[in-house]
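Everything on this sheet refers to the single structure shown next.
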Ligand code: ADP
């Protein structure tokens with residue numbers, strides 16, 4: 001059976017012949033969202049890419065979605081206004097749904113400072129398909145790293161609404177949190193290992 005779009009009967013959703021389950025069997029592992037959250041400079045991109053490499057080596061198909069490939073492409077028409085941030089997240093939610101259907105481990109690296117936004121992203125996919133991973137590094141450490149030089153500019157007042165300086169970061173709290181990484185004192189390898197262990201515990205990949 002095919003379904004018509006509510007506003008346009010000519011837009012038809014084709015019946016699925018290859019299911020998510022079939023794709024996951026072909027790939028040899030489950031699809032899941034690993035949602036990294038944390039301050040700028042807390043290590044989200046570093047861990048996302050190191051994890052992607054590690055998963056690749058284990059034969060597990062993964063993909064990193066971060067500010068660069070989203071803000072420069074899919075969402076290049078959006079600003080940082082409240083309304084556009086909301087739309088940005090809605091589109092990201094739709095993209096992660098597609099990756100899940102494809103049976104891929106999708107690793108996202110967005111600051112995502114608001115608990116309500118992270119909950120909204122989680123609510124867009126089946127509950128067991130979303131892991132929230134907090135990259136926890138104190139603001140002083142992130143600021144000292146100042147990977148992109150943005151903290152200095154935010155302190156100088158050149159950048160407004162900068163998370164940690166002039167805009168809030170809402171730390172994840174139990175029960176939404178799946179894993180907390182100490183990205184100030186642990187090594188990158190140890191952090192990646194912790195995520196891999198979590199994936200094995202949740203039966204995403206074989207132990
Ligand atoms: P974000 O994506 O959160 O803005 P980045 O990954 O761009 O952060 O920057 C984090 C910086 O911290 C990098 O220079 C990285 O090498 C360093 N770093 C040191 N220890 C860790 C760790 N355990 N995990 C992640 N990054 C770390």
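Going by how many other beta carbons lie within 10 Å of each one, how would you line up 169, 56, fewest first?
Details: 169 19, 56 11.
Listing 169, 56 from fewest to most nearby Cβ atoms yields 56, 169.
Helix 188-201 versus the longest principal axis of the chain: what angle, 0 to 90°, nearest 10, using Cα atoms? Between the helix axis and the principal axis of the chain, the angle is about 30 degrees. The long axis of helix 44-57 is offset from the longest Cα principal axis of the chain by roughly 40 degrees. The packing ranking of peptides 91-99, 45-53, highest mean first, is 45-53, 91-99, where packing means the average number of other beta carbon atoms within 10 angstrom of each residue.
I want to verify a result. In a Gaussian network model of the chain, Cα cutoff 10 Å, which of these has the top mean-square fluctuation: 54, 23, 155? Comparing 54, 23, 155 in a Gaussian network model of the chain, the most mobile one is 155. Relative to the dominant Cα principal axis of the chain, helix 82-101 is inclined by about 50°. A straight line joining the Cα centroids of region 77-99 and region 156-207 runs 20 Å.
No lab work stands behind these numbers, since they all come straight from the coordinates. Bear in mind that the values here come from a model prediction, so they are computed numbers and not experimental data. A quick note on method: Cβ atoms are made from the backbone with ideal geometry, for glycine too, and the neighbour counts reach across all protein chains shown.
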